[in-house]
Each structure stands twice: as structure tokens, then as C-alpha cells.
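Trainee: Structure incoming, see below.
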Amino acid sequence: MMSSPYILVLYYSRHGATMKLAQRIASGIEQTGMEARLRTVPPVSTVCEATHDSIPEEGAVYCTEEDLRHCSGLAMGSPTRFGNMAAPLKYFLDGTSNLWLTGALVDKPATVFTSTASLHGGQESTLLSMMLPLLHHGMIIHGVPYTEPSLTETHTGGTPYGTSHLAGKESNLPLSEHEEQLCIAQGKRLATLAMKLHRTHDTE
């Protein structure tokens, strides 16, 4: 039996800042009436023998290939690691060759988000790095348009490439009002695009 359409909100968050963004984007998705499915990925260990439980102790459950295969759209987030996405998220994406070979994600909408400790800590390059594998999967990338007033009013996070968050040195700053507004707008836009594309495919 086919499940109801859902948007996958996939993220990695070590200290919780990126998770806050994911939760607010999920809220925006669900305001459209569409399900938001929050998922995360396990950390990558330098110890070859290290393993993690299949279910984390807290937070979202780990993402599976099937979660990604059957989603109607994808919001993907990562903290910045030297201007790039975090290794655990990259590791997960590196294992999605079967989805690429079968074209499972082609023409599905996708968007990205990130958080950094400092204002100029590589937010935009990290967002762009996350777009690359999604383009290889044939996904339709969208960001945050300048018709969103918060994009020009923010003094913390926020980019046209996707929502961002200034988390501070201790990664404990709350989302600013503008960051929250951009998260909601980004989630709504993703869900709306997914529904439009779904209806278009149904009429073909």
C-alpha cells in the first residue's frame, strides 16, 4: 500500500542548532497540510569497529534509503565543516547510488539549510556543497526568494540559497525571529512545490 505523500526533512546536528532549523522547516511544511518526516544520520567514527544503535537515544530516527526513495520532496540540513557539509551527511549521500541508478529522485523538489558558530563561517558555501549531490540525483533545487521580507531584514542568518542560523560559539543561540520566519517560508514553499509537481505528474 502506498503511503501518503510526505516531505523528508533530513539533517545532521551535533549540538542541536541545525535540528532547531529542521524542526521549524517541518512546521512550515505541515502548515500546508503535508506530512513532514524528520530524519537524521548517525555520526561517523574514526574507530573502524565502532557501531551505533539502529535507533538513536533521542531526537529523530535515522534515515533509510526507503525514506529518501519515497519522499515527495527533500529539505536537507547540515552544520558547516570548513565551508562544507558535515561528514556524516556526506557519508549517507555517498551510499545512495541505487537511487541515482534508478532515477528515484529525479524531478522531486529539494532545498537546503545550515548553521554556523560565526556569521561568516561558510554558510553559503556549505549550502552550495549540499546542492551538488542533489543535482546529480536530478532534483529540482529551490532557495528562499527575496520576496520574503526577512531575507533583507535579518542581522543573523538567512541566505537566498537556503535558511541559515547563527548559532554562536557555544551553539546555543536561539533562532532569531527572522530565521524562524525564513524556516517557515522555506518549508511552505517546498511543500507547495511538491504538491504542484505531484498534481502535474498525475495528469500526464
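Trainee: What aspartates and glutamates sit close enough to K196 to cross-link, taking a C-alpha to C-alpha distance under 20 Å and skipping anything fewer than 8 places away on the same chain?
Mentor: Candidates past the 8-residue exclusion: E30, E35, D107, E204.
Trainee: Now, a different point. Could you pull the accessible area for C71 with a 1.4 Å probe, rounded to 10 Å²?
Mentor: 0 Å²
Trainee: Ranked from highest to lowest mean number of other Cβ atoms within 10 Å per residue, what is the order of the peptides 22-29, 73-80?
Mentor: Details: 22-29: 23.9, 73-80: 27.6.
The most tightly packed comes first, giving 73-80, 22-29.
Trainee: Could you list which residues have their amide H under 5 Å from that of Y62, counting only those 5 or more apart in sequence or on another chain, with H placed in the peptide plane?
Mentor: When sequence neighbours closer than 5 places are left aside, the close amide H contacts are T40.
Trainee: Counting only protein heavy atoms, what percent of the accessible surface of segment 1-151 is carbon or sulfur at a 1.4 Å probe?
Mentor: Result for segment 1-151: 56 percent of the exposed heavy-atom area is carbon or sulfur.
Trainee: What translational diffusion coefficient, to the nearest whole µm²/s, does segment 86-184 have by Stokes-Einstein, given a Kirkwood radius computed over alpha-carbon pairs, a temperature of 10 °C and 1.306 mPa s viscosity?
Mentor: The Stokes-Einstein estimate is 110 µm²/s.
Trainee: Scan around V9 for amide H atoms under 5 Å from its own, H built in the peptide plane at 1.01 Å from N, and keep only partners 5 or more places away or cross-chain.
Mentor: Result for V9 returns R37, L38, R39, A75.
Trainee: Top to bottom by accessible area (1.4 Å), largest first, where do K196, K108, K169, K188 land?
Mentor: K169, K196, K188, K108
Trainee: Leaving ligands, DNA and RNA out of it, work out the accessible area of T147 with a 1.4 Å probe and give it in Å² to the nearest 10.
Mentor: For T147, the solvent-accessible surface is approximately 120 Å².
Trainee: Quick one: accessible surface of H15, probe radius 1.4 Å, all protein chains present, in square angstrom to the nearest 10.
Mentor: Answer for H15: close to 130 Å² accessible.
Trainee: Heavy-atom accessible area per residue, the chain, 1.4 Å probe: how many Å²?
Mentor: 52 Å²
Trainee: Mind listing the long-range amide H neighbours of F113? Cut-off is under 5 Å, sequence gap 5 or more, other chains count too, H placed in the peptide plane at 1.01 Å from N.
Mentor: Sorted by chain and number, the residues that satisfy this are M76, G77, S78.
Trainee: Here's something else I'd like to know. Could you order Y12, Y91 so the one with the most accessible surface comes first? Probe is 1.4 Å.
Mentor: The ordering from most to least exposed comes out as Y91, Y12.
Trainee: With both partners inside the chain, how many of the DSSP beta bridges are antiparallel, as a percent to the nearest 5?
Mentor: 10 percent
Trainee: Work out which helices of the chain, taken as complete DSSP H runs, extend at least 18 Å along their axis over the Cα atoms and score a mean Kyte-Doolittle of -0.5 or more, then list them.
Mentor: Membrane-span-like by this criterion, though nothing is claimed about a membrane: 17-30, 123-136.
Trainee: Got a sec? What order do F113, F82 fall in by accessible area at 1.4 Å, biggest, i.e. largest, first?
Mentor: From most accessible down to least: F82, F113.
Trainee: Let me ask something additional. For the chain, set up a Gaussian network in which alpha carbons nearer than 10 Å are linked by springs, and say which option among L190, L134, L119 fluctuates the most.
Mentor: Highest fluctuation among the options: L119.
Trainee: Given R₀ = 25 Å, FRET efficiency for N172-E58 by Cβ-Cβ distance, to 0.05?
Mentor: For R0 = 25 Å, the calculated efficiency reads 0.90.
The values are calculated or read from the model by the stated rules, or taken from the named source; none is laboratory data. Quantities reported herein were computed from a predicted structural model and do not represent experimental measurements. FYI the Cβ positions are ideal-geometry reconstructions off the backbone, even for glycines, and counts take in every protein chain you see. SASA here: full protein model, heavy atoms, side chains in, ligands and nucleic acids out. Shrake-Rupley method; radii C 1.70, N 1.55, O 1.52, S 1.80 Å.
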